[in-house]
Amino acid sequence: MDISQDFQAPFFAMSRLLSFPWTFVEKDLESNKSSELISDILKQTCLHSLCRKFPPSAKYRKLFLSQLIKRQEAAGCDPLDELYDALAEVVGAEDTSECYKSYLLPGGDSVSLRESVALISDGTTGLVTWEAALFLTEWALEHRQAFSGRTVLELGSGVGLTGITICRSCSPKRFVFSDCHPRVLQTLEDNVRLNAVTQREPPPVTVQELDWSTATEEQVARIEADTVIAADVVYDPEVAESLVKLLNTILSCSSPDIYICSTVRNPETYSGFKTQLEKAGISHRVMTGAVSHVFPYSRGSAIEMIQLYR
């Protein structure tokens, strides 16, 4: 059984610890009484060059290594020095408010992002990658033609996973990241630079401040977007109202393809967003069809992607 894809789990958020194939590990250790599998897991996770260069949070690595030790000792395997050395290293590491998360793409490429360890920090949720952004990224990888040779505007780019992946994999003509929170914009710029997106030609890449409530037709028209995307931006009625205002402005300037991906946490808020779209004369259709699972994240939440048009 090949579980190398599942070894991506340590590069992700704390909540993904339970998604690791622990049952397989336990069965292998019990049947072989060998630490060879543990050594392989270490090489593909905590000792991997990507993890060394862009380390996940110390707390997460400590929990992950503790789980490996627990399984190894329960199976009665010989101690593995490199496992205990790795734990000793992380026990001495300082906990910080930020860490790195690396997302493996098809074909062996990866995107590494500096993110907050807290879901909310500096008064914003924009410093972590949410499920809808992961889904939209998977959708983009399957629908590259929606971005190839086009100028793409991303609203509420956050830490940048979707946009950086599109720049890496979908050959856009130009890509415009945007957000309005100063801390998010700084982190976004750092992540774009970290992944050397600006050094890859094409596409030309820019990071812009875009306030949905004050954006003008002139500001939007200058971007000349062919495709507009956004993920996890419908979470508050006031924010949704500003978003609809901006979408109305965008559609008044041109007729780009617009895709909005949302995790429906509050059906009332999401329904209210659709009602506001209707009142603004903006129609939508729900994008159906499953996408290939590229990233390990919870699929239990209701995620909906819609295309807007007038």
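The values are calculated or read from the model by the stated rules, or taken from the named source; none is laboratory data. Keep in mind that what you see is a predicted model, and the values were worked out from it rather than measured. Note that each Cβ is placed from the backbone with ideal geometry, even for glycine, and that neighbours are counted across all protein chains shown. Note: accessible area is taken over every heavy atom of the protein model, side chains too, but ligands, DNA and RNA are not part of it. Shrake-Rupley method; radii C 1.70, N 1.55, O 1.52, S 1.80 Å.
In this structure, Leu141 does not qualify as open to solvent by less than 10 Å² (accessible area, probe 1.4 Å), within 19 Å of Gly289 (Cα to Cα) and of a type in the set (A, V, I, L, M).
Val128 passes every criterion in (1) touching a residue at least 12 places away in the same chain (Cβ under 8 Å); (2) surrounded by fewer than 24 Cβ atoms within 10 Å (Cβ to Cβ); (3) in a helix (DSSP H, G or I) apart from (3).
With the structure loaded, tell me whether Ser148 is more than 26 Å from Thr269 (Cα to Cα) and in contact (Cβ under 8 Å) with a residue 12 or more places away in the chain or whether it fails that test. It is true that Ser148 is more than 26 Å from Thr269 (Cα to Cα) and in contact (Cβ under 8 Å) with a residue 12 or more places away in the chain. How do the pairs read when you match residues in the stretch 50-73 that are in contact (Cβ under 8 Å) with a residue 12 or more places away in the chain and of a type outside the set (Asp, Glu) with residues anywhere that are in a helix (DSSP H, G or I) and open to solvent by 50 Å² or more (accessible area, probe 1.4 Å), using Cβ under 8 Å and keeping only pairs 6 or more apart or on different chains? Qualifying pairs under 8 Å: Ser57/Met14; Lys59/Met14; Tyr60/Met14; Lys62/Val91; Leu63/Met14; Ile69/Tyr84; Arg71/Glu26. Would you check if there is a residue in the stretch 236-259 being hydroxyl-bearing (Ser, Thr, Tyr), closer than 15 Å to Glu154 by Cα, in contact with a strand residue (DSSP E or B) (Cβ under 6 Å, 6 or more places away or on another chain) and crowded, with 16+ Cβ neighbours inside 10 Å? Yes, the stretch 236-259 contains a residue that is hydroxyl-bearing (Ser, Thr, Tyr), closer than 15 Å to Glu154 by Cα, in contact with a strand residue (DSSP E or B) (Cβ under 6 Å, 6 or more places away or on another chain) and crowded, with 16+ Cβ neighbours inside 10 Å. For the stretch 182-273, the helices (runs of 4 or more DSSP H) that sit wholly inside it and include 1 or more residues that are in contact (Cβ under 8 Å) with a residue 12 or more places away in the chain, hydrophobic (A, V, I, L, M, F, W, C) and farther than 28 Å from Tyr100 by Cβ are 217-223, 237-253.
Scanning the stretch 274-310 for residues that are over 17 Å from the mean Cα position of the chain (by Cα) and in a strand (DSSP E or B) turns up Ser283, His284, Arg285, Val286, Ile306, Gln307, Leu308, Tyr309. The sole residue among Ser97, Ser116, Ser66, Ser110 that is under 19 Å from Glu189 (Cα atoms), loosely packed, with under 14 Cβ neighbours inside 10 Å and either among the charged types (D, E, K, R) or more than 11 Å from the chain's Cα centre (by Cα) (or both) is Ser97.
For the stretch 176-197, the count of residues that are touching a strand residue (DSSP E or B) at 6+ places or on another chain (Cβ under 6 Å), aromatic (Phe, Trp, Tyr) and over 15 Å from Leu308 (Cα atoms) is nonzero. All conditions in (1) outside any loop (DSSP other than H, G, I, E, B); (2) touching a residue at least 60 places away in the same chain (Cβ under 8 Å); (3) touching a helix residue (DSSP H, G or I) at 6+ places or on another chain (Cβ under 8 Å); (4) over 16 Å from Val207 (Cα atoms) hold for Cys99, with the sole exception of (2).
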